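Undergrad: Quick one: the structure is below, and I'll ask about it shortly.
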Amino acid sequence: MSNSLDLTQLSAASLQQFDQAQQLRQQVAEHLGTMAQTLEQAETEGTTASGALSLSQPITTLHTVAQTLRRGIFRLVVLGDLKRGKSTLLNALLGERVLPSDVNPCTAVLTVLKYGSQKQVRIHYLDGTPPQSIDLETFKQTYTIDPDEAKTLAAEDQSAFPNVSHAEITYPISLLQQGIELIDTPGLNDTEARNHLVLNYLNDCHAVLFVLDATQPCTLDERRYLQSYLKERGLALFFLINAWDKVQNNLLDPEDSQALAETQTKLREIFRTHLANYCQTHYDQRVFAISALQALRSHLQNHPQGFTDSGVPAFLEHLCQFLTQDRVQAELNYALHKARTIHQQVWAAVTRRIPLLDEDLAPLKQKITSVQSEFEQLHTIRDAFQARIRETRDRQAQVISESFKTYILNLEATFETDFVASQPDLEFLEFLDKNNRAMFYTSFKRAFERYMNDRLAAWEFIAKQDIGKAFAELNDAADEYRVAYEQVVEVMNDKLLGDRFYTAGHRYDPKNVEIWTDTLKDVFEAIPDNLNGAVGQFNEFWQRVMQSVLAYVVIVIVLQIIGLIFSAMALNIFAVVLAGAGIFAGQAEYVRQEFLSKTRQEFAKYLSQIANEQWQTIHKSVKKCFDTYEVEVIERINQDIARRQGELNNLVDQKESHTIQVEQESQRLQTLEQSLATTVQAIETLLQSPSS
């Protein structure tokens, strides 16, 4: 790479921001690790003192969050239709033509690029075959095939590499060394099955780079993809309008500056019309006109000004700012929230433990016996909330599955309009040409897949809103149960500690006592929807549900429909066409109308079957969504009750086995709490510093 530009020189400020962000990640992770070690040591010491504080879950949480920060990954998924220059853009960033470009959809291999000291490629397979390591040149030669062969495979709806999951390329450049991982994906007008493979990578990505073409502004496929797959998914979208330099070349007079300005203005208006809704209030920071080819050439020719003029550096600066400020700040704030929460848990446990240290064993047992009724009340509150969750689950499963059934049964009424609107470029006359009939069959099958996906996506949007409302209602209900829970906890504290609760060196504030409802928002992170506003979390649950339903409709139903349509229509249409002297415009329209009419008729015969058989799938899936929520919430409540019970039982066990050194143990516990408080304060100071 000796002849390419050094990204470090071009983006020094950006790379410095990445360095600072990674340092902050590591520093906060170190503090969380210190907190975990402090708690582990305290729990060990407690077994020979006044007993453990039952802090295993907080310790696990600290280790998990710290490990996530230490990984320090920025994962970027590159999306875009075929021939949009995705691979060229990535090659420009790498400074070398690493990825094969101009590939056919059935030859495209999803590729993950990450940092490594050596240039290497590992091919991962779908059948469990161990990954294969190859060099870059072999990769380029092996995974680029002849265009004629590609066309043949496309006509047969086959893949050149059906057993390949993805390729992983390691590369030694500064951009990747900052923890950035780039995922190059197949095109948008690929098969629906391979589209879902791409969507799997969106689950935990930090941002999406959506590549468009200035000479084909926002095609139907692109608008459809944005609407069906990316709208309201909580994803950060960056739009790169590639081939901006071709706008001038396509003018009648490339030297006409006025015509160029007018054309560019119109193009910008078109893109803004279609993309503004995906950028919220950050349009100018999320949409960039670039020339990936110019950027790559400038790299290879060591031409800094050309790289700057390509528009890529401006995009990188804003991307860097988003990743290092917005995304990292969200991660660090989450880590701080966890640290504060766990410190609060320990503070509450220490505050409860210290006043009981000098209690005699018999009175202590009496007090513990006196609060058993309160523990039963906590279980009652838990059971009541669990029943509320299940009632909501059963109601929503019925309502949503019934809405699916109704929606499917009504598809016949708007089929022709919806199908044509989604697939206006389907060449119906190819059906009459025996040389092109196989290609038309494949095109029609894909068109039907897309039609079904569009219709299911429209229903999914409504269903998700209904589920969102249901979870919002549960969240409101949780506040009611929290009040009842807090009241019981206060009674327990009064019975156990009375006025002595204030002698632990802290002023008692019930609002600061950590109980299960304080972590209720965290529970939503495990819910199969973006209900908690977690940054970049993709709707994995609904993706699986819709993929299952779509696969059933396409594989089981559509193939039957198409087979019947082709066999039933052939004689009818051929008879009409052969009666004339050739294919005229009127006959072409007849073919189109007849084909759509027959398709609708055959499709209508299966709508009831689809609705009835997939109704149960939807019903079970919605129930599973709420079951997941129930498990998480109830486990949190159980952990809180068990922790409170465990604190008391451990203290009794220790008093029964030996005499506790009250003053020494009190000092140990207060030192533990103060140590955690100091660490939390250190994290707060880090995040408040100007560099963060």
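The values are calculated or read from the model by the stated rules, or taken from the named source; none is laboratory data. Just so we're clear, the structure is a prediction, and the values are computed from it rather than from any experiment. Quick reminder, even Gly has a Cβ in these numbers, built from the backbone with ideal geometry, and neighbours come from all protein chains shown.
Undergrad: State which residue pairs qualify: first residue touching a residue at least 12 places away in the same chain (Cβ under 8 Å) and closer than 11 Å to T392 by Cβ and inside region 467-485, second residue charged (D, E, K, R) and not in a helix (DSSP H, G or I) in any location, beta carbons under 7 Å apart, and separation of 6 or more residues or different chains.
TA: Correct list of pairs: I467/D529.
Undergrad: Something else about it: So N410 fits all but one of (1) over 23 Å from Q616 (Cα atoms); (2) more than 31 Å from the chain's Cα centre (by Cα); (3) exposed (fewer than 15 other Cβ atoms within 10 Å of the Cβ); what number is the exception?
TA: (1)
Undergrad: Could you give me the residue pairs with C-beta distances under 7 Å whose first residue belongs to region 444-460 and is of a type in the set (K, R), whose second residue is assigned to a helix (DSSP H, G or I) wherever it lies, and which are 6+ apart or on separate chains?
TA: Between residues of region 444-460 that are of a type in the set (K, R) and residues that are assigned to a helix (DSSP H, G or I), the close pairs are K445/V558; K445/I562; R450/E192; R450/S422; R455/L411; R455/D418.
Undergrad: Right, something else. Looking only at region 86-108, filter to residues that are among the aliphatic types (A, V, I, L, M) and at pLDDT below 80; which one of those is farthest from A160 (Cα to Cα)? Reasoning before the result, please.
TA: In the first step, residues of region 86-108 are kept if they are among the aliphatic types (A, V, I, L, M); the result is 89-90, 92-94, 98-99, 103, 108.
Those left that are additionally at pLDDT below 80: 94, 98-99, 103, 108.
Values: L94: 26, V98: 20, L99: 17, V103: 11, A108: 8 Å.
Among those residues, the one meeting the criterion is L94.
Undergrad: Let me spell it out: the conditions are (1) among the aliphatic types (A, V, I, L, M); (2) assigned to a helix (DSSP H, G or I); (3) surrounded by 13 or more Cβ atoms within 10 Å (Cβ to Cβ), and L426 meets all of them except one. Which number is the exception?
TA: Every condition holds for L426 apart from (2).
Undergrad: Here's a check for you: in region 597-618, which residue that is out of contact with any Lys or Arg (no Cβ under 8 Å at 6 or more places or on another chain) and hydrophobic (A, V, I, L, M, F, W, C) is nearest to L409 (Cα to Cα)?
TA: Start the filter on region 597-618 by keeping residues that are out of contact with any Lys or Arg (no Cβ under 8 Å at 6 or more places or on another chain), which leaves 597-610, 613-614, 616-618.
After this cut, where a residue has to be hydrophobic (A, V, I, L, M, F, W, C) as well, the list is 603-604, 607, 610, 618.
Numbers: F603: 10, A604: 8, L607: 6, I610: 9, I618: 15 Å.
Ranking the qualifying residues of region 597-618, first place goes to L607.
Undergrad: Quick one: is A276 in contact with a strand residue (DSSP E or B) (Cβ under 6 Å, 6 or more places away or on another chain) and of a type in the set (G, A, S)? Steps first, answer last, please.
TA: On the way: in contact with a strand residue (DSSP E or B) (Cβ under 6 Å, 6 or more places away or on another chain): no; of a type in the set (G, A, S): yes.
When the stated conditions are applied, A276 does not pass them.
Undergrad: From L676, L687, grab the single residue that is crowded, with 17+ Cβ neighbours inside 10 Å and part of a helix (DSSP H, G or I).
TA: Values: L687 fails: crowded, with 17+ Cβ neighbours inside 10 Å.
After applying the criteria, what remains is L676.
Undergrad: Within region 370-388, can one find any residue that is among the hydroxyl-bearing types (S, T, Y) and farther than 20 Å from M492 by Cα? Walk me through how you get there before you give the answer.
TA: Step one: of region 370-388, the residues among the hydroxyl-bearing types (S, T, Y) are 370, 373, 380.
Then keep just the ones that are farther than 20 Å from M492 by Cα; that gives none.
Within region 370-388, not a single residue is among the hydroxyl-bearing types (S, T, Y) and farther than 20 Å from M492 by Cα.
Undergrad: I've got another one for you. Looking at the structure I just gave you, is F448 in the same structural domain as A484 (by TED's automatic domain parsing) and within 26 Å of T219 (Cα to Cα)? Walk me through how you get there before you give the answer.
TA: Working: in the same structural domain as A484 (by TED's automatic domain parsing): yes; within 26 Å of T219 (Cα to Cα): yes.
Yes.
Undergrad: When you go through (1) within 21 Å of F210 (Cβ to Cβ); (2) surrounded by fewer than 17 Cβ atoms within 10 Å (Cβ to Cβ); (3) modelled with pLDDT under 90; (4) not hydrophobic (A, V, I, L, M, F, W, C) one by one for R327, which number turns out not to apply?
TA: That leaves (2) as the condition not met.
Undergrad: I'd like the full set of residues that are within 24 Å of the chain's Cα centre (by Cα), part of a helix (DSSP H, G or I) and over 16 Å from L319 (Cα atoms), limited to region 78-95.
TA: Within region 78-95, K86, S87 qualify.
Undergrad: Of everything in region 291-321, what is aromatic (F, W, Y) and at pLDDT 90 or above? Give them in sequence order.
TA: If we filter region 291-321 for residues that are aromatic (F, W, Y), which is where we start, we get 307, 315.
If the condition is that a residue be aromatic (F, W, Y) and at pLDDT 90 or above, then F315 is the only one that fits.
Undergrad: Follow-up. Which condition does V164 not pass, out of (1) under 30 Å from S14 (Cβ atoms); (2) aliphatic (A, V, I, L, M); (3) touching a strand residue (DSSP E or B) at 6+ places or on another chain (Cβ under 8 Å); (4) at pLDDT 85 or above, if it passes all the others?
TA: (1)
Undergrad: Just the residues that are of a type outside the set (S, T, Y), more than 11 Å from L336 (Cβ to Cβ) and at pLDDT 95 or above, please, taken from region 674-692.
TA: Here is the first cut: in region 674-692, the residues of a type outside the set (S, T, Y) are 674, 676-677, 680-684, 686-688, 690.
Still in the list and also more than 11 Å from L336 (Cβ to Cβ): 674, 676-677, 690.
Hits for region 674-692 are Q674, L676, A677.
Undergrad: Give the residues of region 280-314 that are of a type in the set (G, A, S) and under 32 Å from the mean Cα position of the chain (by Cα), sorted by residue number.
TA: To start, the set of residues in region 280-314 that are of a type in the set (G, A, S) comprises 289, 291-292, 295, 298, 306, 310-311, 314.
The answer is A289, S291, A292, A295, S310, G311, A314.
Undergrad: Quick check: anything in region 375-382 of a type outside the set (A, V, I, L, M, F, W, C) and either buried (at least 20 other Cβ atoms within 10 Å of the Cβ) or over 30 Å from L651 (Cα atoms) (or both)?
TA: Looking for residues that are of a type outside the set (A, V, I, L, M, F, W, C) and either buried (at least 20 other Cβ atoms within 10 Å of the Cβ) or over 30 Å from L651 (Cα atoms) (or both), one finds at least one in region 375-382, hence yes.
Undergrad: Looking for something touching a residue at least 40 places away in the same chain (Cβ under 8 Å), crowded, with 17+ Cβ neighbours inside 10 Å and farther than 21 Å from L90 by Cβ - is there at least one such residue anywhere in region 240-261?
TA: no
Undergrad: Pull up region 383-394, narrow it to residues that are farther than 30 Å from N649 by Cα and in contact (Cβ under 8 Å) with a residue 24 or more places away in the chain, then point me to the one that is surrounded by the most Cβ atoms within 10 Å (Cβ to Cβ).
TA: Taking region 383-394 as the starting set, the residues that turn out to be farther than 30 Å from N649 by Cα are 388-394.
Next, only the ones that are in contact (Cβ under 8 Å) with a residue 24 or more places away in the chain stay: 388-390, 392-394.
On the way: R388: 17, I389: 22, R390: 14, T392: 19, R393: 20, D394: 14.
For region 383-394, the residue satisfying everything is I389.
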